[in-house]
Amino acid sequence: MSDIKNVNYGLEKIFKDAKDFLPLLGTDYIEFYVGNAKQAAHYYKTAFGYQSAAYKGLETGCKEYASYVLKQDKIRIVLTTPLNSSSPINQHLAKHGDGVKIVALWVEDAKKSWEETTKRGAKSFMEPTVEKDEHGEVVRAGIYTYGETVHMFVERKNYNGVFLPGYEKWESDYNPSPVGLKFVDHMVGNVGWNEMNTWVKWYEDVMGFVNFLSFDDKQIHTEYSALMSKVMSNGNGRIKFPINEPAEGKKRSQIEEYLDYYEGPGVQHIAVATDDIIKTVTELRARGIEFLSTPPEEYYKAAPGRLEEYNHELQEDLKVLRSLGIMIDADEEGYLLQIFTKPVEDRPTLFFEVIQRMGAKGFGAGNFKALFESIEREQAKRGTL
């Protein structure tokens, strides 16, 4: 049995088929458009253990919107709310509810990233723009991906300010402790019927990504519903975007429910990594985060066998994992532990995944059935199955 450790992705290329004309260093930030950023910031601090980082709003001279920047280890989220009814952000909120607008990618050269992607067919969101203050300069440029979602390229090698020019340090007397979230592992996009392959090709052609894992409706189905999914990654594996589309089933899949309530394609969930999922989930539960219902007893009885199949030994206590509802999956390289929150908005749209990779680089294929049955139980309560 090999010595299994937590997975960390470096900058070296691990997917040889990825065309690296767009070197990505990691996720820079994720920006949510929300109805009330002040209250949302309190929620992410209290419930998820984020720390206050930066602020932009009326007090800093911005009259259009207020943005709160929160950090936890390498994860940075931005919560933005409009300050008047004429703001275009309102249209996004009216249509989609609270949700992810910008998935910002940290790059060496934002102008080159924008040029390389737009010449390959990407629709521009923002031309390369230099933003300056006394701490240096940041170059940003953006392109549209599925729906109204945007990839922003952020070049900050000549900047040492708190976040971006225009933002001030946000000092707060209220600083709940972190829960152990380390970095963004992957972000999943839901797209419409028969659109998955279109967006797979888009990520291959426009971003130089590679499709390194695929699941069809024969693998991802329950008695009632089904979906298809393909995982896209950049060369170094730091940026991974699974893309889901609905598939025909007896009833409405969670992807259809999302598309109905988000009113179009968008980011379905954000998976955040931890080095100690038992500690993280225990803390999140204590702070009021609700997770999907625990898989049945048979699931946990079968779990050791799934690990033995690949000659791995579980380092965690199975009873503790079961008591917290944490799921287990294995592959040749190791195993992973994962759990999913219920939607964090009133619309059944965005949710979070907490994942600990003990060597495994997969996406929990062995958990799909148990996971979707848990989601279907929630859909049945909502009357949306």
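The values are calculated or read from the model by the stated rules, or taken from the named source; none is laboratory data. Owing to the predicted nature of the structure, the values given are computational and were not obtained by experimental measurement. Quick reminder, even Gly has a Cβ in these numbers, built from the backbone with ideal geometry, and neighbours come from all protein chains shown.
Can you work out which of the residues in segment 282-299 that are assigned to a loop (DSSP other than H, G, I, E, B) and under 20 Å from the mean Cα position of the chain (by Cα) is surrounded by the most Cβ atoms within 10 Å (Cβ to Cβ)? Before the answer, list the steps.
So the first thing to find is which residues in segment 282-299 are assigned to a loop (DSSP other than H, G, I, E, B), and the list is 287-290, 292-296.
So of that shortlist, the ones also under 20 Å from the mean Cα position of the chain (by Cα) come out as 289-290, 292.
Details: Ile289: 19, Glu290: 14, Leu292: 21.
Per the criteria, the residue is Leu292.
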request  = Filter segment 49-60 down to residues that are touching a Phe, Trp or Tyr at 6+ places or on another chain (Cβ under 8 Å) and either buried (at least 18 other Cβ atoms within 10 Å of the Cβ) or not β-branched (Val, Ile, Thr) (or both) and give me whichever is nearest to Gln72 (Cα to Cα).
outcome  = Tyr50
Some residue of segment 357-365 being in contact with a helix residue (DSSP H, G or I) (Cβ under 7 Å, 6 or more places away or on another chain) and surrounded by 19 or more Cβ atoms within 10 Å (Cβ to Cβ) = no
inquiry  = Looking at Val78 and the list (1) surrounded by 20 or more Cβ atoms within 10 Å (Cβ to Cβ); (2) part of a strand (DSSP E or B); (3) touching a Pro at 6+ places or on another chain (Cβ under 6 Å), which single condition is not satisfied?
reply    = (3)
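For every residue, the table says whether it meets (1) in the same structural domain as Phe215 (by TED's automatic domain parsing); (2) in a helix (DSSP H, G or I); (3) over 24 Å from the mean Cα position of the chain (by Cα); (4) buried (at least 19 other Cβ atoms within 10 Å of the Cβ).
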residue	(1), (2), (3), (4)
Val267	yes, no, no, yes
Ala271	yes, no, no, yes
Thr280	yes, yes, no, yes
His312	yes, no, yes, yes
Val354	yes, no, no, yes
Lys369	yes, yes, no, no
Phe372	yes, yes, no, yes
Ile375	yes, yes, no, yes
Pair list, Cβ under 8 Å, 6 or more apart: segment 241-259 residue touching a residue at least 24 places away in the same chain (Cβ under 8 Å) and in the same structural domain as Leu227 (by TED's automatic domain parsing), other residue in a strand (DSSP E or B) and hydroxyl-bearing (Ser, Thr, Tyr) = Phe241/Ser233; Pro242/Ser229; Ile243/Ser229; Asn244/Ser229; Glu245/Ser229
query = Within segment 215-222, is even one residue basic (Lys, Arg), out of contact with any helix residue (DSSP H, G or I) (no Cβ under 6 Å at 6 or more places or on another chain) and assigned by TED's automatic domain parsing to the domain that holds Gly266?
reply = yes
query = Can you tell me which residues in segment 325-340 are crowded, with 19+ Cβ neighbours inside 10 Å and not charged (D, E, K, R)?
reply = Ile326, Met327, Ile328, Ala330, Gly334, Tyr335, Leu336, Leu337, Gln338, Ile339, Phe340
query = Of the residues Gly97, Gly136, Gly121, which single one is assigned by TED's automatic domain parsing to the domain that holds Cys62, touching a residue at least 40 places away in the same chain (Cβ under 8 Å), more than 30 Å from Lys361 (Cα to Cα) and surrounded by fewer than 17 Cβ atoms within 10 Å (Cβ to Cβ)?
reply = Gly121
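Can you tell which of Ile243, Ile255 is part of a strand (DSSP E or B), β-branched (Val, Ile, Thr) and surrounded by 19 or more Cβ atoms within 10 Å (Cβ to Cβ)?
Numbers: Ile255 fails: part of a strand (DSSP E or B).
The conditions single out Ile243.
State yes or no: is Lys63 among the basic types (Lys, Arg) and either at pLDDT below 95 or buried (at least 18 other Cβ atoms within 10 Å of the Cβ) (or both)?
Details: among the basic types (Lys, Arg): yes; either at pLDDT below 95 or buried (at least 18 other Cβ atoms within 10 Å of the Cβ) (or both): no.
Considered against the rule, which asks whether it is among the basic types (Lys, Arg) and either at pLDDT below 95 or buried (at least 18 other Cβ atoms within 10 Å of the Cβ) (or both), Lys63 comes out as no.
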